[in-house]
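One structure below.
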Amino acid sequence: MNTVSDDKLRGTRAWLLARATELRGRIERVEADLRRASAPLPRDAPDAAIVLENDEILQAIGESARREFVQIEHALERLESGDFAHCEVCNAEIDADRLTVVPYTTRCVRCARDA
């Protein structure tokens, strides 16, 4: 098994913090767009319908960003507590390659497959 080095953990922490910042900005922009902070809803019915359809897409983007943000915050908490590289289900060490691909995973490959 490929274990996680301290350097790798520092790099992962930096990546998680950067990604959290990026997602926070995305969430703020989506919320501002949905509040119509920069442009009100058009008065023309067909144009308003298009904007409202786009709102559904924006809501999905925002929800996806919020879900990922929560996962990243949890990963950062796990890093601080020293549990980052251990499976939350079986407590086995999570392979470093898996954490490289999915840095906010909480399960080893076996437990992820079983879920």
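In segment 71-99, of all residues being part of a loop (DSSP other than H, G, I, E, B) and acidic (Asp, Glu), the one that is nearest to Arg13 (Cα to Cα) corresponds to Asp83.
Among the residues making up segment 18-30, a single one is loosely packed, with under 14 Cβ neighbours inside 10 Å and acidic (Asp, Glu): Glu28. Scan segment 40-62 and tell me whether some residue there is of a type in the set (Lys, Arg) and assigned to a helix (DSSP H, G or I). Checking segment 40-62: not a single residue is of a type in the set (Lys, Arg) and assigned to a helix (DSSP H, G or I).
Among the residues of segment 6-17, those that are surrounded by 11 or more Cβ atoms within 10 Å (Cβ to Cβ) and either farther than 20 Å from Gln71 by Cβ or not charged (D, E, K, R) (or both) comprise Leu9, Gly11, Thr12, Trp15, Leu16, Leu17. Within this structure, Arg36 passes the test of being more than 20 Å from Arg98 (Cβ to Cβ) and either surrounded by 11 or more Cβ atoms within 10 Å (Cβ to Cβ) or not basic (Lys, Arg) (or both). Inclusion of Arg43 among residues that are on the phi > 0 side of the Ramachandran plot, more than 14 Å from the chain's Cα centre (by Cα) and surrounded by fewer than 16 Cβ atoms within 10 Å (Cβ to Cβ) is not warranted. Give the residues of segment 46-69 that are closer than 20 Å to Val102 by Cα and loosely packed, with under 12 Cβ neighbours inside 10 Å, sorted by residue number. Across segment 46-69, the qualifying residue is only Arg67.
To keep it simple, each residue is scored yes or no on (1) touching a helix residue (DSSP H, G or I) at 6+ places or on another chain (Cβ under 7 Å); (2) among the charged types (D, E, K, R); (3) modelled with pLDDT of 95 or more.
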position	(1), (2), (3)
Arg43	no, yes, no
Ile50	no, no, no
Glu56	no, yes, no
Gly62	yes, no, yes
Phe69	yes, no, yes
Cys87	yes, no, yes
Cys90	yes, no, yes
Leu99	yes, no, no
Tyr104	yes, no, no
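For Phe69, the conditions (1) closer than 20 Å to Asp7 by Cα; (2) touching a residue at least 40 places away in the same chain (Cβ under 8 Å) all hold with the exception of (1). Within segment 90-115, residues that are closer than 19 Å to Val70 by Cα sit with their Cβ atoms under 6 Å from residues that are acidic (Asp, Glu), at 6+ positions apart or across chains, in these pairs: Thr106/Glu88.
The values are calculated or read from the model by the stated rules, or taken from the named source; none is laboratory data. For clarity, every value in this text was computed on a predicted model and none was experimentally measured. As a convention, Cβ positions derive from the backbone with ideal geometry for all residues, glycine included, and neighbour counts pool all protein chains shown.
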